[in-house]
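Participant: Can you read through this structure? Questions will come right after.
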Amino acid sequence: MNIHFEILLVAGFLFSSTLANAQGKCVSGQANQSSMILQMSEAKAKSSVTEIIYKQYQLNASTQAKAPCVECSSSAATRPEDLAKVSSSIQGIPDAPKLIFNSECAKVAAEYKVGTQEIACPGGKKTKNICQTEEILNYQNAVVSSFMSCAKKLNMQTVSPAVLFKIYSLESGFKPQFSSKNGVGLGQLTTIFVKDVHQPWRGGEYVDKIAKSDLKECEAARAIAKKDMNGNNPPLSNSCAYIQIGEGMERNILYSMIGMANSWEKDLLPKMKNYVKTHANHPALEEVKSLTIAAAYSSGGRAAGRAIATRLGSLSPEGYLKAIKRPMYRTNGRGLLNPYIVNMDKRQKEFSSKFTEPFKTRFAKEGSQACVNQ
Amino acid sequence: MRQSIVLTIILSSVAYASTPKQIADIYLSFETKKLEFLKVDYSKKDAKDRIIPAYESLEKAMNEVKDIEAKAKDDQLTPEGNEMAYVLEILAPLKDLASSLMSKEDCEKARHEHALNFPVVEDEDSTAISKAIDKLCN
């Protein structure tokens, strides 16, 4: 019996090691904690959302590029149509949309160690050091890219990609398996946040809009929205429904974007309507909106975001940005009104030493904007 | 961690010390009014007549602080002004409820917006506002 158990254990270890090798080394965590590697493999085989994302972003392209180039050795390779094929196989797939974040940045963010509890899915067992491979990071990057492009097409006001990079870096360090007392997954969603996404007079409108959209960019987001509409979403207490690759991690990303759009339209815009109108053509206005949305996304919630908008509403966009990035003290040791914004920038500064040249210099100059693929 | 807490307290005290006396006085009065606002045992009958004027008086104090800040040379935002802006936001769901018909939907909206103001940590103010909303809605 014991021998059988040991054989099974060794076989299991070998199987997960093989999968880990197939998906690349762990960017964070340990190779023997293979829960996410197994999730990724299963999602590739069974999840329709993952299938759409893989196809949309041609994530198998790197594997295909390594495949032998048939046309190269063919004697007919001098024909123009075959020359085009040869060119395509050398340059990669021409139509694949760009991933939103620079993969080097996502890797550095994921390598950042935070002592938060992790959840192994399925099952929801509490654990630590789950291995996250480069393939998982790239897939996650593609999910964010897909949902951002859907949100943009539907005119949903979320945050800029650079601010989104800061948010996910601070919330979870791009680790979808993270779970704390106060938040679940990549976007560290809270119970009230998820409830808000489904309130008919608040986020529910966006869930419906995505579910009913026939846009190609919304294909993956639609699959989740359709399933979850009319409040049919799983409860947040079922952590894996917001963590597991294949649907959960994707749901987490989608909800964080819906929540932000909702917070902008319902909570912040009413406070900032005149401001937005007055500075409509100002180049800094988008960052003003993004950082105010980020402030409302924080533990200070809606009240902090709206209070910041009230406080800074008389300043020019440049002045607004300068002020929101500085600590905005409250009275009697109650901390800051904008700790989230201050901490986001602090985390980015911690990353700067982790990059290698020449990107290091670029990051020092541009900050998280350098992490966005233009 | 401890160092950063100490630093925050020191910086907060420095900022507090440099606040003009006029703003400090307005803030003290604002704090007293806020505590009274949260202590009152409102009923459906008198909510509108008591909550809305009390809220408007807090708003007036905030505007006075804004005016003083705008006239100041350094154009600095004071911690008192920041705190007052925040307090007005956390009290807003209760004020909105008082100016509504206090229907089932109005109550749900007030509870929801209150919860959005405190997504993670509840404090004394949060508990007091919750109780006041419940009192008007039950």
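Participant: So in the range A:185-217, with the set limited to residues that are touching a helix residue (DSSP H, G or I) at 6+ places or on another chain (Cβ under 6 Å) and of a type in the set (Phe, Trp, Tyr), which one is farthest from A:LEU254 (Cα to Cα)?
Facilitator: A:PHE193
Participant: Right, next: Kindly list the number of the only condition in (1) modelled with pLDDT under 95; (2) among the charged types (D, E, K, R); (3) in a helix (DSSP H, G or I) that fails for A:LYS175.
Facilitator: Exception for A:LYS175: condition (3).
Participant: Note down all Cβ pairs under 6 Å where the first residue falls in the range A:223-236 and is touching a residue at least 12 places away in the same chain (Cβ under 8 Å), the second is of a type in the set (S, T, N, Q), and they're at least six residues apart or on different chains.
Facilitator: A:ALA223/A:SER48; A:LEU236/A:THR191
Participant: Just to verify a result, which residue in the range A:305-329, among those that are basic (Lys, Arg) and closer than 13 Å to A:ALA294 by Cα, is farthest from the chain's Cα centre (by Cα)?
Facilitator: Applying the filter and picking the extreme gives A:ARG306.
Participant: Considering the range B:66-97 alone, what residues qualify as being outside any helix (DSSP H, G or I) and touching a Lys or Arg at 6+ places or on another chain (Cβ under 8 Å)?
Facilitator: B:LEU77
Participant: Cβ-Cβ distance below 6 Å, separation of 6 or more or different chains: which pairs start in the range A:326-337 with a residue that is at the interface with chain B (Cβ under 7 Å from one of its Cβ atoms) and end on one that is crowded, with 21+ Cβ neighbours inside 10 Å and polar (S, T, N, Q)?
Facilitator: A:MET328/A:ASN338; A:MET328/B:ASN82; A:ARG330/B:ASN82; A:LEU337/B:ASN82
Participant: Here's a follow-up. Assuming B:LYS34 fulfils every condition listed in (1) in contact with a helix residue (DSSP H, G or I) (Cβ under 8 Å, 6 or more places away or on another chain); (2) farther than 19 Å from B:SER130 by Cβ; (3) within 12 Å of another protein chain (Cβ to nearest Cβ) apart from one, which condition is it?
Facilitator: Condition not satisfied by B:LYS34: (2).
The rows are residues; the columns are (1) closer than 23 Å to B:CYS107 by Cβ; (2) touching a strand residue (DSSP E or B) at 6+ places or on another chain (Cβ under 8 Å); (3) assigned to a helix (DSSP H, G or I).
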position	(1), (2), (3)
B:PHE30	no, no, yes
B:LYS33	no, no, yes
B:LEU38	yes, no, yes
B:ASP41	yes, no, no
B:LYS45	yes, no, no
B:LYS48	yes, no, yes
B:TYR55	yes, no, yes
B:GLU64	no, no, yes
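Participant: Mind checking which pairs have a first residue in the range B:114-134 that is more than 18 Å from B:GLU36 (Cβ to Cβ) and a second that is at pLDDT 90 or above and of a type in the set (D, E, K, R), Cβ under 6 Å, 6 or more apart or different chains?
Facilitator: B:LEU116/A:ARG302; B:ASN117/A:ARG302
Participant: Could you identify the single residue in A:GLN58, A:GLN39 that is crowded, with 16+ Cβ neighbours inside 10 Å, in a loop (DSSP other than H, G, I, E, B) and either modelled with pLDDT of 90 or more or out of contact with any strand residue (DSSP E or B) (no Cβ under 9 Å at 6 or more places or on another chain) (or both)?
Facilitator: A:GLN58 is the lone residue from the list that is crowded, with 16+ Cβ neighbours inside 10 Å, in a loop (DSSP other than H, G, I, E, B) and either modelled with pLDDT of 90 or more or out of contact with any strand residue (DSSP E or B) (no Cβ under 9 Å at 6 or more places or on another chain) (or both).
Participant: Residue check: is A:ASN232 within 13 Å of chain B (Cβ to nearest Cβ) and modelled with pLDDT under 95?
Facilitator: no
Participant: List the number of the failed condition for A:ARG311; all other conditions in (1) within 11 Å of another protein chain (Cβ to nearest Cβ); (2) part of a loop (DSSP other than H, G, I, E, B); (3) in contact (Cβ under 8 Å) with a residue 12 or more places away in the chain hold.
Facilitator: Of (1) within 11 Å of another protein chain (Cβ to nearest Cβ); (2) part of a loop (DSSP other than H, G, I, E, B); (3) in contact (Cβ under 8 Å) with a residue 12 or more places away in the chain, only one is false for A:ARG311: (2).
Participant: Sort through A:ALA295, A:ALA304 and tell me the only one that's more than 9 Å from chain B (Cβ to nearest Cβ), closer than 22 Å to B:ILE129 by Cβ and in a helix (DSSP H, G or I).
Facilitator: When all the criteria are applied, what remains is A:ALA295.
Participant: Would you pick out the residues in the range A:150-170 that are more than 23 Å from A:MET344 (Cβ to Cβ) and in contact (Cβ under 8 Å) with a residue 24 or more places away in the chain?
Facilitator: A:CYS150, A:LYS153, A:LEU154
Participant: Moving to a separate point now. Which condition breaks for B:GLU108 when tested against (1) within 13 Å of another protein chain (Cβ to nearest Cβ); (2) part of a loop (DSSP other than H, G, I, E, B)?
Facilitator: With respect to (1) within 13 Å of another protein chain (Cβ to nearest Cβ); (2) part of a loop (DSSP other than H, G, I, E, B), B:GLU108 is out only on (2).
Participant: Inside the range A:190-222, can you point out the residues that are more than 21 Å from A:TYR57 (Cβ to Cβ), of a type in the set (Lys, Arg) and touching a residue at least 12 places away in the same chain (Cβ under 8 Å)?
Facilitator: Of everything in the range A:190-222, those that are more than 21 Å from A:TYR57 (Cβ to Cβ), of a type in the set (Lys, Arg) and touching a residue at least 12 places away in the same chain (Cβ under 8 Å) turn out to be A:ARG202, A:LYS209.
Participant: When you scan the range A:339-360, how many residues do you find that are modelled with pLDDT of 95 or more and either more than 30 Å from A:ARG302 (Cα to Cα) or of a type in the set (Gly, Ala, Ser) (or both)?
Facilitator: 0
Participant: Give me a count of the residues in the range A:187-223 that are in a helix (DSSP H, G or I), surrounded by fewer than 17 Cβ atoms within 10 Å (Cβ to Cβ) and within 14 Å of another protein chain (Cβ to nearest Cβ).
Facilitator: 1
Participant: Which condition breaks for A:TYR275 when tested against (1) more than 19 Å from A:VAL197 (Cβ to Cβ); (2) out of contact with any Gly (no Cβ under 6 Å at 6 or more places or on another chain)?
Facilitator: Checking A:TYR275 against (1) more than 19 Å from A:VAL197 (Cβ to Cβ); (2) out of contact with any Gly (no Cβ under 6 Å at 6 or more places or on another chain), the one that fails is (2).
Participant: Please verify whether the range A:145-167 includes one or more residues that are on the phi > 0 side of the Ramachandran plot and either part of a helix (DSSP H, G or I) or at pLDDT below 95 (or both).
Facilitator: no
Participant: Considering B:ILE129, B:ILE90, B:ILE52, which residue is crowded, with 21+ Cβ neighbours inside 10 Å, over 20 Å from A:TYR320 (Cα atoms), more than 9 Å from chain A (Cβ to nearest Cβ) and of a type in the set (A, V, I, L, M, F, W, C)?
Facilitator: B:ILE129
Participant: Tell me whether the range A:101-109 contains one or more residues that are assigned to a helix (DSSP H, G or I) and within 30 Å of B:GLU108 (Cα to Cα).
Facilitator: no
Participant: Could you list, in sequence order, the residues of the range A:139-198 that are in contact with a Pro (Cβ under 9 Å, 6 or more places away or on another chain), more than 18 Å from A:ALA211 (Cβ to Cβ) and polar (S, T, N, Q)?
Facilitator: A:GLN140, A:SER145, A:ASN182, A:THR190, A:THR191
The values are calculated or read from the model by the stated rules, or taken from the named source; none is laboratory data. As the structure is a computational prediction, the values presented were derived from the model and not from experiment. Glycine gets a Cβ as well: all are built from the backbone with ideal geometry, and neighbour counts include every protein chain shown.
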